[in-house]
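Single-structure report; data block below.
Each reported figure results from applying straightforward, stated rules to the coordinates on display, with no laboratory input. From a predicted model like this one, the values you see are computed outputs, not experimental measurements. Backbone-built Cβ (ideal geometry, glycine too); neighbour counts: all protein chains shown.
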Amino acid sequence: MLPLFVLLQVLVLNEILFFTYINPYLYLALIISLPLKTPKWFLLSYAFLLGFFIDLFSGSLGFHSTATVFIAFIKPAISKITIPHNVLADTDEITLNKIGTKSFITFSLIIIVVHNSLLFILEHLNLSLPILVKSTASSLLTLILILILDLFRASKK
């Protein structure tokens with residue numbers, strides 16, 4: 001799954017800029033959907049490798065790997081706040097059907113906004129209104145694509 005998402009991100013989504021500056025990051029679905037009981041070492045390593053490959057193929061200087069490791073680091077804390085207890089088994093993936101629409105959207109949106117904000121601030125070394133607009137628009141588009149992907153995966157099962 002990792003190679004498919006990396007190729008899709010690098011070859012397709014990074015080349016299509018909506019309204020000249022909005023870029024969706026569909027690969028975040030891989031980190032969002034990992035089970036809650038995923039060992040921390042695996043979660044952080046997986047996030048680093050995912051970000052590293054995106055950085056490698058898109059020519060950025062570690063921005064994606066930094067942002068993905070950070071969201072992997074805060075994912076357990078965000079899940080405790082947004083996902084109801086006793087809904088998921090230890091090995092269940094986090095999906096729209098398993099945790100509910102409100103929880104999934106809240107959990108995903110927080111992770112996506114943190115990732116995109118950190119990514120764009122690192123890229124531009126600046127926090128300004130255009131960066132906030134770019135981060136917000138990219139986050140909303142990413143969330144919509146992740147919801148579509150999750151609904152598509154649920155309909156295939």
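At 7 Å along Cα-to-Cβ for each site, give me the label-to-label distance between ILE74 and LEU8 in nm.
Spacing of the two 7 Å Cα→Cβ label points: 2.5 nm.
Modelling each spin label as a point 7 Å along the Cα-to-Cβ direction, I'd like the LYS40/PHE52 distance in nm, to one decimal.
2.0
Under a GNM of the chain (C-alpha, springs under 10 Å), which listed residue has the highest mean-square fluctuation: LEU11, LEU141, LEU96?
For the chain, modelled as a Gaussian network with Cα springs under 10 Å, the answer is LEU11.
Test of understanding: in a Gaussian network model of the chain with alpha carbons linked when under 10 Å, which of ALA72, ALA89, ALA29 would top the mean-square fluctuation ranking?
ALA89
Pop a pseudo-label 7 angstrom from the Cα along the beta-carbon direction at both ILE148 and TYR21 and give the gap in nm to one decimal.
Result: 2.3 nm between the two label points.
Within the chain, what is the longest stretch that has no chymotrypsin sites (Phe, Trp or Tyr not before Pro) placed in a DSSP loop and near at most 13 other beta-carbon atoms within 10 Å? Let's see the in-between values first.
Values: sites that count: PHE19, TYR21.
With a cap of 13 other Cβ atoms within 10 Å, the longest stretch comes to 22-157.
Using the Cα centre as the reference, give the magnitude of the dipole from point charges on the C-beta atoms of the chain (Lys, Arg: +1; Asp, Glu: -1; all else neutral), rounded to the nearest 20 debye.
400
Of GLY62, GLY100, GLY51, which has the largest mean-square fluctuation in a 10 Å C-alpha GNM of the chain?
Comparing GLY62, GLY100, GLY51 in a Gaussian network model of the chain, the most mobile one is GLY100.
Binned at 5 Å from 0, what are the whole-percent values of the Cα-Cα distance distribution for the chain, short to long?
1, 9, 18, 24, 22, 15, 7, 3, 0
Under the rule of -39500 (n - 2.57) per DSSP H run of 4 or more residues, summed and divided by the residues of the chain, what mean residue ellipticity at 222 nm is obtained, to the nearest 500 deg cm²/dmol? Mind dumping the intermediate values first?
Details: 7 runs with 106 residues, N = 157.
Value at 222 nm, helices only: -22000 deg cm²/dmol.
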